[in-house]
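Scroll down for the structure; my scribbles are underneath it.
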Amino acid sequence: MPTDDLAPLRAWQRALRAQFPIVVDHPGLAYLDSAATTQKPRAVLDAVHAYLTTGNANASRGSYPWANATTAMVERTGARLKEFLADPDPGRSAVHFTSGTSQGLRSVALDWLAPQLADGDEIVVPFEDHQANLSPWLEARDVLARQGVAVRVRGLPYQDSSGDYDHRALAGLIGPRTRFIAATHVHHVRGGDMNVHRVREAAGPGVPICLDAAQGVGHVPLSVADLDVDFVVFSGHKALALPGTGAVWARQARGPAFRPGGWSGTPNTAGIASLAAALDWLEEAGLERVERWTVGLAARLTEGLRQLAPYRVLGCQLSLAAMSEVQRRRGIVSFRHRDIPADDLGFILFEHGFMVRADTLCQAGADGGEDREGAVRVSLHVYNTEEEVDRLLSVLTDLA
């Protein structure tokens with residue numbers, strides 16, 4: 001999408017930006033770390049305040065009105081999430097609220113996947129995505145190994161040129177003992193949509209797929225009907241809701257029903273109330289437009305960076321130009337300076353009013369590859385502006 005396509009969205013974006021109090025109250029700062037956590041619109045803050053001041057109670061543990069209302073709110077939010085994900089069979093699927101993506105993926109790994117695996121089974125997982133989408137599957141393997149069950153873990157193959165999954169190579173890995181695939185919706189470093197529909201095509205209809213959607217839900221449209229995955233796991237705090245909030249959506253179609261293990265304690269009811277409000281806000285704003293805006297801003301940034309010799313943008317090198325026809329970054333741009341370490345560059349940028357992530361970005365993998373080195377990550381949302389991107393490029397130009 002050419003960055004000129006942002007012009008019809010500018011008035012819409014200004015109106016939405018004005019709904020984020022922390023952004024409005026800090027006009028000299030540019031918050032560019034939405035892949036780590038998003039800021040919250042007034043509607044979400046108001047919903048939490050209303051819940052805590054008019055009917056705060058525990059869920060599923062009382063029969064008085066406040067408790068009943070809280071229980072109903074939690075159930076409504078689960079149903080609302082199914083609608084948000086375009087669930088084609090909401091009567092069959094289930095939603096379980098968690099503290100975030102890490103807990104959700106670990107629950108799928110230990111409570112659902114591990115009990116099904118037998119000696120000689122194989123699973124396919126991503127070694128070049130977020131650490132949270134690798135550690136749980138390796139932990140499940142190790143737990144089973146201590147029980148005398150040997151499970152083979154295969155790495156999802158990647159395309160060297162784009163960083164996408166190599167679905168052709170993946171098809172060659174799928175065999176009669178393949179029991180499970182873990183994948184990522186949007187890459188947290190390279191910013192690309194990982195084209196999970198092709199993972200399903202390569203895997204065939206019978207293999208369950210678990211999707212880490214931490215950088216997808218609340219940032220870009222996501223339809224479980226289109227992707228045909230079995231689990232969607234995400235963090236609410238990356239989708240405009242409060243920290244300590246997340247969910248596992250489970251299709252309940254391939255394999256046994258998913259039920260988290262252990263005693264079910266008190267849910268984060270205020271967080272769940274914030275998630276319901278965030279989903280409503282995002283739907284009213286229009287996720288398609290949110291995606292158009294953040295993709296356009298990211299293209300504006302990569303266009304500028306590709307003209308500055310000391311910088312290298314991570315990910316596909318064919319998609320840096322603003323007019324590129326290759327799929328571009330979903331609001332996430334990570335880069336390095338040839339001479340300035342990433343953490344130093346992060347401090348320098350903050351001195352100029354920019355809040356970015358600058359470290360190893362929780363990148364998984366044990367091979368010491370390029371993505372395991374420190375990098376600066378700029379991650380954008382609807383409250384960011386073209387002016388902020390241009391000002392960032394001006395500072396980076398001065399440092400070139």
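The values are calculated or read from the model by the stated rules, or taken from the named source; none is laboratory data. Quick caveat, the model's predicted, so the values are computed rather than measured. Every residue, glycine as well, gets a Cβ built from its backbone with ideal geometry; the counts of neighbours run over all protein chains shown. Side chains are part of the model used for accessible areas, which takes the heavy atoms of the whole protein and leaves out ligands, DNA and RNA. Shrake-Rupley method; radii C 1.70, N 1.55, O 1.52, S 1.80 Å.
The range 26-126 has equivalent-ellipsoid semi-axes of 32, 25, 14 Å, by the square roots of 5 times the alpha carbon gyration tensor eigenvalues, sorted largest first. Of the residues Phe350, Phe234, the one with the largest accessible area comes first in the ranking Phe350, Phe234, computed with a 1.4 Å probe on protein heavy atoms.
The relative contact order of the range 114-154 comes to 57 percent, based on Cα pairs under 8 Å that sit 6 or more residues apart.
Reported to the nearest whole Å, the Cα centre-to-centre distance from the range 51-89 to the range 3-41 is 29. Charge dipole of the range 7-162 (Cα centre as origin; +1 on each Lys and Arg Cβ, -1 on each Asp and Glu Cβ, all else neutral): 620 debye, rounded to the nearest 20.
Taking 10 °C and 1.306 mPa s as the conditions, I'd like the Stokes-Einstein D for the range 165-301 in µm²/s, using the Kirkwood hydrodynamic radius from alpha carbon pairs. Write down the numbers at each step before the final one.
Values: Rh = 16.5 Å.
Here the translational diffusion coefficient equals 96 µm²/s.
In µm²/s, what is D for the range 215-262 at 20 °C and 1.002 mPa s, where D = kT/(6 pi eta Rh) by Stokes-Einstein and Rh is the Kirkwood radius from Cα pairs?
Working: Rh = 12.1 Å.
Answer from the Stokes-Einstein relation: 178 µm²/s.
Quote the Stokes-Einstein diffusion coefficient, in whole µm² s⁻¹, for the range 17-61, based on the Kirkwood radius over alpha carbon pairs, a temperature of 20 °C and a viscosity of 1.002 mPa s. Intermediate values should be presented prior to the final figure.
Numbers: Rh = 12.6 Å.
Here the translational diffusion coefficient equals 170 µm²/s.
Scanning the chain for long hydrophobic helices, with DSSP H runs required to stretch 18 angstrom or more by C-alpha along their axis and to average at least 0.5 on the Kyte-Doolittle scale, returns 269-285. The gain in end-to-end length when the Trp12 to Ala169 segment is fully stretched comes to 52.3 nm, 0.36 nm per residue minus the alpha carbon separation.
Give me the percent relative contact order of the range 262-379, please, defined on Cα pairs under 8 angstrom at least 6 residues apart. Reported as a whole number, the value is 20 percent. The DSSP beta bridges internal to the chain are antiparallel in roughly 60% of cases.
Can you tell me, using C-alpha contacts under 8 Å and at least 6 residues apart, the relative contact order of the chain as a whole percent? Don't skip to the end; give the middle numbers.
Details: 788 pairs, mean separation 93.3, N = 400.
Relative contact order comes out at 23 percent.
Working with all protein chains in place, sort Trp12, Trp112, Trp66 by solvent-accessible area computed with a 1.4 Å probe, largest first. Could you put the intermediate results ahead of the total?
On the way: Trp12 40, Trp112 10, Trp66 140 Å².
So the residues, ranked largest to smallest area, are Trp66, Trp12, Trp112.
A simple spin-label model places the labels of Asp359 and Glu83 3.9 nm from each other, with each point 7 Å out along Cα-to-Cβ.
Leaving out ligands and nucleic acids, note down the accessible area per residue over the chain with a 1.4 angstrom probe, in whole Å². Can you show the working numbers first?
Values: 16420 Å² over 400 residues.
Normalised by residue count, the accessible surface of the chain is 41 Å².
Which length gain, in nm to one decimal place, applies between Leu138 and Ala321 when the Cα-Cα distance is subtracted from 0.36 nm times their residue separation? Intermediate results must be reported in sequence, preceding the final value.
On the way: separation 183, 0.36 × 183 = 65.88 nm, distance 3.79 nm.
Extending this stretch completely gives an extra 62.1 nm.
Provide the net charge surrounding Ala109, with neighbours chosen by a C-beta distance below 10 Å and charges set as Lys +1, Arg +1, Asp -1, Glu -1. Result for the local shell: 0. For the pair Ala118 and Ala94 in one chain, pulling the backbone fully straight at 0.36 nm per residue adds 6.1 nm over the alpha carbon distance.
Overall, the range 41-99 carries a charge dipole of about 100 debye about its Cα centre when +1 sits on the Cβ of Lys and Arg and -1 on the Cβ of Asp and Glu, all other atoms neutral. With 10 Å bins from zero, work out the P(r) of the range 247-391 over every alpha carbon pair and list the percent per bin. Per 10 Å bin, starting at 0, the Cα pair percentages come out as 10, 28, 29, 23, 10, 1. Charge tally for Arg328 (other residues, Cβ to Cβ under 14 Å; Lys, Arg +1; Asp, Glu -1): 0. At q = 0.08, 0.10, 0.11 Å⁻¹, what log₁₀ I(q)/I(0) does a Debye calculation on the Cα points of the chain give, no solvent, two decimals? The computed values of log10 I(q)/I(0) come out as -0.43, -0.67, -0.81. Counting only DSSP beta bridges whose two residues both lie in the range 195-304, roughly 60 percent are antiparallel.
Counting Lys and Arg as +1 and Asp and Glu as -1 over every other residue whose Cβ lies under 14 Å from the Cβ of Thr245, the net charge comes to +3.
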